[in-house]
1. With a Förster radius of 25 Å, plug the Cβ-Cβ distance of A:Gln154 and A:Lys238 into 1/(1 + (r/R0)^6) and report the FRET value to the nearest 0.05.
2. Alpha carbon centre of segment B:17-68 versus segment A:208-240: separation in Å?
3. Please turn the phi angles of segment B:80-93 into ³J(HN,Hα) values with the Karplus equation 6.51 cos²θ - 1.76 cosθ + 1.60 (θ = phi - 60°), one per residue in order, whole Hz, x for glycine and proline.
4. Can you list the lysines whose alpha carbon is less than 21 Å from that of B:Lys61, not counting same-chain residues fewer than 8 positions off?
5. Which ³J(HN,Hα) values in Hz, rounded to whole numbers, follow from the phi angles of segment B:58-73 under the Karplus curve 6.51 cos²θ - 1.76 cosθ + 1.60, where θ = phi - 60° and Gly and Pro get x?
6. Count the lysine pairs in segment A:114-242 that are 8 or more places apart or on different chains: how many have C-alpha atoms under 26 angstrom apart?
7. Would you mind computing, in nm to one decimal, how far apart the modelled labels at A:Ala117 and B:Leu56 are, each placed 7 Å from Cα along Cα→Cβ?
8. Nothing charged except the Cβ atoms of Lys and Arg (+1) and of Asp and Glu (-1): what's the magnitude of the dipole of the protein assembly as shown about its Cα centre? Round to the nearest 20 debye.
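The values are calculated or read from the model by the stated rules, or taken from the named source; none is laboratory data. Since we're looking at a predicted model, the values are computed, not measured. Neighbour counts are summed over all protein chains in view; Cβ atoms, including those assigned to glycine, are modelled from backbone coordinates with ideal geometry. Keep in mind that these areas ignore ligands, DNA and RNA; they rest on the heavy atoms of the full protein, side chains included. Shrake-Rupley method; radii C 1.70, N 1.55, O 1.52, S 1.80 Å.
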Amino acid sequence: MCGICGCGEGPVHLDEHEHSHEHEHEHDHNHTHSHAAVHSHAPGLSQVRMVQIEQDILAKNNQYAHENRRYFSAHGLLVLNLVSSPGSGKTTLLTETILRLKDEIGIAVIEGDQQTARDAERILSTGVQAIQINTGKGCHLDAHRVGHALEKLQLQDHSVLFIENVGNLVCPSAFDLGEAHKVVVLSVTEGEDKPIKYPDMFHAADLMILNKTDLLPHLDFNVEECIQYAKQVNPRIKILSLSAKTGEGMDNWLAWLKAELQLQLIAYA
Amino acid sequence: MHEMSLCEGILQTLEQQAEVQDYQKVRTVWLEIGALAGVEVEALRFSFDVVMEGSLAEGAKLEIIPLPGQAWCMPCGINVPVEQLYDPCPHCGSHQLQVNGGDQMRIKELEVE
């Protein structure tokens, strides 16, 4: 079983991706030390010893993420990891984006939710490929599960893959999936101080989309303050304001997407 | 609650290393956890005990080595201490900071038998 996601699918994937990494962390020199202890029969001498590990706790996930990233770059795929709290409008943003771009660009979606295939069904109704990952009790997607999902998608080269992460502003920030960018979606119905309340996520993201701007006249949400908080946590973050529902500001988002895809293609060529 | 996944990752490493380093039981695990790693240490301790149950590290002691957060302040051109990702530079007050320390989470060493 896979220790990262506990999905029980581990061995198949492990065989494919893991062996090249298995040996990096092995240091045989400790054997002599341990045998010395084992073979000493002096009374009271303990076999307890210290072992140096020096390994990142997320090393396993990062290895899978590295494999995914290599695959994405070999096929000129732009992969975006969409993160947000539940209800920020990620799925609506995706369906609206797909409807505007699908005739021009190949698009596929990996949907992550704890339960149900509702989001994948919404994406499928737009006519593009979508696959649902249910994390069960899990609070985030990890690179291993995304790797499995990739096996089931027929991705065409030079296309865009959106990974809609589990609605959660905390845990997905720590898990690299191999994406080019994390894109954090924040809706104006949430507080403008979300970036400093959940700094890890806004720090990890390269782009923040301020969604549902059509509702601004009805709310006390302070856009300037929100942007200031986001920049405070992450001075490099780019920010786009839009309403997926009315279409206001969508052009900027589509232009950003096309520009990023172009960058992938340059890297690919 | 991703601390649970982190502990599962730790257990996997402990099991792999058991073969390589030839040990049967883990008595103590030392982890380096940076202040900016996004890890809640109490949640990690709780998950650790639960995940290690029935494994070669059942009942093992968890020792946390906290590492301070550090960032490069672009206006000042020096490394400065930060406790949170939204902290300003303590010298100039700027937020033009690039985190360069205290965001790691590593298994440092083990006491085994």
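1. On the way: r = 31 Å, r/R0 = 1.25.
The value I calculate is 0.20.
2. If we compute the Cα centre of each part, the gap is 39 Å.
3. Ordered by residue, 3J(HN,Hα) equals 10, x, 9, 9, 10, 5, 9, 5, x, 4, x, 8, 10, x Hz.
4. Once the sequence-local lysines are set aside, what remains near B:Lys61 is B:Lys25, B:Lys108.
5. 4, x, 5, 7, 10, 10, 9, 9, x, 10, x, x, 9, 9, 8, 8
6. Here the count comes out as 18.
7. For the pair A:Ala117/B:Leu56, the computed spacing is 4.0 nm.
8. On the way: 27 positive and 54 negative charges, 143 e Å.
In total the dipole reaches around 680 debye.
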